[in-house]
1. Please provide three numbers in whole Å: the alpha-carbon extents of the chain along the principal axes, with the largest listed first.
2. For region 168-353, what is the charge dipole size about the Cα centre, in debye to the nearest 20, if Lys and Arg each add +1 at the Cβ and Asp and Glu each add -1 at the Cβ?
3. What's the magnitude of the charge dipole for the chain around its Cα centre, counting Lys and Arg as +1 and Asp and Glu as -1 at the beta-carbon? Answer in Debye, nearest 20.
4. Kindly express, to the nearest 10 degrees and within the range 0 to 90, the angle between helix 233-245's C-alpha long axis and the longest C-alpha principal axis of the chain.
5. Any idea how far the Cα center of region 254-332 sits from the one of region 1-54, in Å?
6. In deg cm²/dmol, rounded to 500, what helix-only [θ] at 222 nm does the chain give when every DSSP H run of at least 4 residues adds -39500 (n - 2.57) and the total is split over its residues?
7. So for region 168-353, what percent of the C-alpha to C-alpha distances run longer than 31 Å?
Amino acid sequence: MLELAPPPGHGGSERALHEIAAALVRSGARVVIAAVETPSALRLRSSGASLVGLDLDTRSPLRIRSNARAVAALARAEGADLIHARSAAAAAAGLRAAEETGAAFVTTWSEPEEAGMLARPLFDALAEGAPVIAPSDHVAELLRETRGLGTERVVVIPRGADMALFVEEAVSPMRALRMAETLGLSEDARPLILSPGRIAPGKDRRLLVRALARLKAERGADFTALIVGEGEGAQARLIEAEIAAARAGDVVRLAGPAADMPAALMLSALVVAPATEPQLSARILLEAQAMGRPVIAADHGAARESVRHGGSGWLVPPGDEAALAAALSAALDLDESGRAHMAMAGRALVRSRFRLEDTIARTLEVYEAAASGARSAA
């Protein structure tokens, strides 16, 4: 089994790869991961898989051809009967290698399609997966509309939450205390609004900052908010500037990545994901709900499938600062009974549709069917 890792910085996709690789290794399979040797990629070794350094993140036709030769040589050396590409750039090399070696070729569509002469062939290759794994119904619908790919080519496998890790009982008081100290919350008893996830333009935390400033003007500084995640330095600077312009530094700040997300969620009163661009998956919303936290998200993309509006949280119109502020205020005003009912609804939703073990089982079924088909055709 040969996995072609996503480019550096795609944390959610790297986590999904780690989970699948670990499951394969537990089943007795040999797994090789081709990835750029960044610190985050090197952590993939803890899955038990072997890591081979290979930079697949390119749009250069010459480098893609070179990468295809390297992937094909690796597949032959390892006896890999399946190649799984988790990005468009990796798919461009992986498809050629699969055609050359006869290995099955599976892809996961986990990034927005880009326009342009150099990008088009990469996404054409990504669409050649047999099948293409879509991490949400939203992605499957996009592929039907833009690529003409139907259910015979696309398999929807949502990202799942690990309900053994993302549960209050699993977070010890000491872990919660350490995380509170790390996030600078040890002496702040105000309810915490947490906004986790990569710092990127489509996530639009600047909108969140403006909504929080509006909330502060309406009810005072009776809450604190943290934007937790890693990503683009330019975006972080824009958010910092927005906080300063809104004079909201007493209620919101950037806190960098959180190494222990279950503990961070444990400290929170609610979780918010105000993305102005439709997201292809919504894992953090699922993990928050598994922890029993009410969530607020923009009403589009994968979030629409992952939140029960009025049940486990709120869906607000994308880009609507006033609606976001109103939902934040409603969440902060929940009484104990209201919070308990939302916690039960969120956990029930995750348990019924978004369990990590189901995600893993369905992915392994896809792998087995694809590899069996390739072996039969050989």
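1. 67, 42, 37
2. Dipole magnitude for region 168-353 comes out near 280 debye.
3. My answer is approximately 340 debye.
4. 10 degrees
5. 28 Å
6. The helix contribution divided over the chain gives -15000 deg cm²/dmol.
7. Of the Cα pairs, 7 percent sit more than 31 Å apart.
No value in this document is a laboratory result; all are computed from the given coordinates. Since we're looking at a predicted model, the values are computed, not measured. When we count neighbours, we look across all protein chains shown, and the Cβ atoms used for this are built from the backbone with ideal geometry, even at glycine.
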